[in-house]
1. Mind jotting down the distance between the C-alpha centroids of segment A:269-287 and segment B:85-156, whole Å?
2. Hey, got the dipole for the protein assembly as shown? About the Cα centre, +1 on K and R Cβ, -1 on D and E Cβ, debye to the nearest 20?
3. Below 19 Å, Cα to Cα, which aspartates and glutamates can A:Lys533 reach? Residues fewer than 8 away in the same chain don't count.
4. Which one, B:Leu283, A:Tyr183, A:Ser247, projects farthest toward the positive side of the charge dipole computed for the protein assembly as shown from Cβ point charges (K/R +1, D/E -1)?
5. If the elastic network links every pair of Cα atoms under 10 Å, which of B:Lys78, B:Lys104, B:Lys63 fluctuates the most in the Gaussian network model of chain B?
6. I need the trypsin sites (Lys or Arg not before Pro) found in segment A:191-300, filtered to DSSP loop residues with at most 14 other beta carbons within 10 Å of theirs.
7. How big is the gap, in Å, between the Cα center of segment A:128-143 and the Cα center of segment B:170-221?
8. Mean Kyte-Doolittle of at least -0.5 and a Cα length of 20 Å or more along the axis: which whole DSSP H helices of chain B meet both?
Amino acid sequence: MLNMFNKKSLRIFLLLALVLSLTLTGCQNNNEVLDESSTEEAVNETIQVVDEDETIVLAGKRHLAPGEEDGYYCSSILYVWEPLIRQGKNGEPLPSLAEDWEMSEDGKEWIFKLREGVTFHDGQVFNADAVIANFDRMSLGIKPSSYYPLDIDSHYPGLVSYEKIDDYNIKLVFDESKPTQLYRMINWGSAIYSPENFDEEGNFNGIAMGTGPFKIVDNQKDDYVLLERYEDYWGESAKAKSIKVRSIPDVDTRYSALKAGEIHGTLDLDSLTPALAEELKKDDNFLIAESKSTMIRFLVTNGELEPFNDIRLKEAISLALNRQDIVDIVYFGYGSPTTNILNYSTPFYKEYPVEENMERAKELAKEVLGEERLETEFLINGNDPTQKTEAELIAPWLAEIGIDVTIQPMEYSVLRERLKEGDFGFARLQQGLSNGEPSTIFRRFMLTSGDHNKNYSLGYDIEEVNNLMESANKELDVNNLETIYDKVQELSTTTYPVFPLFNDVNIMGYSNKLSNYNAELYGLELPEVEWTK
Amino acid sequence: MKKYIIERMKSLFIVLVGITIITFLLGLITPGDPAELSLSRGGNYSPTSEQIEQRREEMGLNKPVYIQYLDWIKGVLKGDFGESYSSNESVSEMIRRKLPITVKLALYSIGITSFLGISLGIISAIYKDTLIDGSINLMNNIMLSLPNFWLALLFILFFSEILGWLPTSGNGGWKHMLMPAFSLSLVTIATTARVMRSSMIQEFGKQYYLALKSKGISKFNLYIRNILPNSILPILTLLANFMGSILGGSAVIETIFALPGIGSYAIESIYLKDFPYLQAYVLITGFVFVLVTTLIDIVSIIIDPKIRIGADSYEN
């Protein structure tokens with residue numbers, strides 16, 4: 001019996017082997033045939049007529065329209081809603097739904113003239129009543145969001161009242177002068193939706209109805225959102241008829257989807273890693289779009305502990321960091337080294353030289369530590385693998401100045417707890433800039449009473465900064481304010497509340513079948529994207 | 001039999017209550033403030049102390065712990081799992097949207113595992129100690145040693161990027177399910193094949209097998225109609241456990257293939273301390289796991305008279 005099975009099995013095995021080899025040979029032949037005909041196909045492709053109505057498919061790592069309970073319903077990069085004030089290419093405030101504005105002499109009152117002839121996607125007319133309805137909604141309390149919390153106190157601090165002057169003028173009154181209020185209102189700070197779009201709790205009662213060049217026609221949460229050109233848009237119409245934005249959380253899958261032609265481009269934060277972007281560059285069918293990011297990455301030390309509170313050791317640490325190497329080695333050059341605490345996307349940002357001087361760093365550290373070596377922990381977010389690579393690069397530099405660090409990856413919430421308790425030596429953090437007004441960053445990190453100063457145990461206490469920020473509060477002239485902010489930035493580079501490493505770069509990949517894939521500060525100019533003709 | 005089922009249902013209830021308490025307590029003892037995390041989105045935004053305090057109040061986190069637990073339990077009994085700390089969305093709605101996708105993935109995986117695992121096991125047993133058996137064993141060893149996330153990426157590379165046969169990701173028809181289901185199934189195909197093989201080989205040593213074979217009945221009747229029913233029981237238990245492990249462990253595969261099932265958000269909910277979602281997830285997967293195991297026990301009793309005798313002792 002067994003012999004019979006053995007003979008039979010041998011026959012079956014040989015048959016299978018034959019079928020397999022024939023299949024493989026067949027595949028190979030097919031490939032060869034394909035290779036031979038590839039030139040012809042390429043020629044055919046070039047003369048194919050592009051169907052301009054075909055849906056463009058893009059993808060990001062998260063779903064860009066979280067829905068009714070999200071403070072904004074969807075990301076600004078979908079161009080579904082528009083703000084009163086939009087952001088220019090250099091971070092400056094530009095007219096959007098508010099076409100003009102005026103500040104009172106004392107800086108406490110702002111009057112905004114609203115654009116006429118604008119309609120929401122649900123047909124409602126955009127006017128002062130619509131804007132007031134949006135302020136009423138914001139007054140109901142903080143609305144969490146996948147992007148930035150919708151918080152009236154954050155975007156309109158000290159707002160005393162908001163009122164309609166007439167159908168196309170509104171007035172905001174503040175308890176003290178707000179000369180830079182426009183910067184706070186950029187994009188997320190003044191998103192406007194149809195007044196019929198909210199329920200009693202201030203949540204959306206359906207798909208978001210904005211005034212943007214695209215309207216949402218289908219939103220499958222965590223899967224995709226389908227956009228269609230809004231034909232009654234007040235400005236220049238979007239070039240693409242419809243765009244589908246998929247959610248593909250895994251970056252490798254996103255990359256493969258792009259290469260396989262399933263999607264035509266990536267967008268949103270971290271849409272491609274620098275390594276994958278470099279890989280994509282090797283393929284002529286794809287291109288990379290880059291823009292400044294609002295994110296800054298930095299190190300903090302426990303300034304409430306000796307010897308980290310010694311300015312000489314702080315300077316030594318800063319000088320020991322080779323920021324350019326971090327950007328080049330870990331991020332393939334996608335980043336901009338900086339020593340400034342302020343992100344480079346705001347027009348108030350000032351460039352300072354980034355100095356690396358290991359010999360000087362050693363001398364300064366020796367003055368503080370003497371011959372002793374300092375042992376401490378370097379906390380990193382374990383969910384971000386690049387932070388470990390970064391830390392492994394930084395650790396030997398610190399060792400050279402006498403600081404031996406143990407790298408400790410951990411969950412972000414645990415890391416925050418450790419920072420608050422002051423149970424650390426070094427930690428790696430990052431900070432986004434929600435609008436172009438820089439004072440929030442200065443106040444939170446550099447004021448003695450600043451919440452980040454306390455919660456990150458920075459131990460930063462410079463009287464000059466406190467005084468400068470107090471005078472900024474009273475300053476009405478934007479030019480004078482800029483001078484104050486310059487001084488504070490300069491102080492941040494010499495007194496080290498934190499150790500900025502680099503400003504991020506947004507990286508997006510796209511197929512050469514698309515044109516005008518122009519990266520912006522956050523996202524891309526979606527209305528300009530179209531099929532290559 | 002009835003009493004046995006009632007006893008199992010009682011233990012099911014106790015297990016579920018235990019799961020809810022443990023999940024709730026684990027949420028409390030782990031560090032991190034859900035209110036802050038719900039606003040900070042993993043560190044991309046830093047909320048102010050005032051914003052955090054207002055959010056804590058809205059989320060009910062300032063209430064005593066036992067009140068929070070009782071409030072939650074009351075809601076669960078009415079089918080309301082509360083609102084996600086992260087998105088404010090109704091957790092019941094999230095589960096309603098996500099669960100069918102994970103169940104679909106689980107069914108595809110179970111189908112593939114059952115078909116291939118049992119078939120390979122039967123072939124391997126019939127052709128015991130032959131080249132075929134050896135090849136299947138080698139294949140099983142390879143499948144057992146490959147991590148599913150790595151396989152998933154390889155599948156995407158070959159079948160989507162290079163060959164263009166299957167979509168890389170997304171929720172859609174059967175083509176979208178093939179790679180995720182295979183990635184999840186390979187290890188269990190190997191395990192099922194091994195258990196099936198040894199279970200059948202055990203039957204070969206029994207008197208009834210020799211008697212049937214000597215009668216000269218057809219191979220199909222011998223192996224499929226007589227041996228298979230006697231050797232399938234361990235496989236049923238294995239598949240039931242597999243069903244549970246898919247529901248509870250498909251997070252990585254769902255993330256890689258962009259399938260918005262219940263697992264894909266589970267990992268993120270741990271980082272974000274989105275306890276309402278996490279508790280619902282654990283409760284539902286726990287419930288399904290215990291329920292499926294109980295059902296399999298009952299099916300086993302029906303199939304195998306020997307187990308029925310054990311279950312009947314509950315009647316005495």
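1. Using only Cα atoms, the two centres lie 32 Å from each other.
2. Numbers: 75 positive and 117 negative charges, 1220 e Å.
Computed about the Cα centre, the dipole is about 5860 debye.
3. A:Glu41, A:Glu45, A:Asp51, A:Glu52, A:Asp53, A:Glu54, A:Asp284, A:Glu525
4. Checked the options; the winner is B:Leu283.
5. Most flexible of the set in this elastic network: B:Lys78.
6. Listed in order of number, the matching sites are A:Lys282.
7. 63
8. B:2-29, B:91-112, B:131-145, B:174-204, B:233-249, B:275-303
No value in this document is a laboratory result; all are computed from the given coordinates. Model, not experiment: these values are computed from the prediction. Here Cβ is always computed from backbone atoms with ideal geometry, including for glycine, and neighbour counts include all displayed protein chains.
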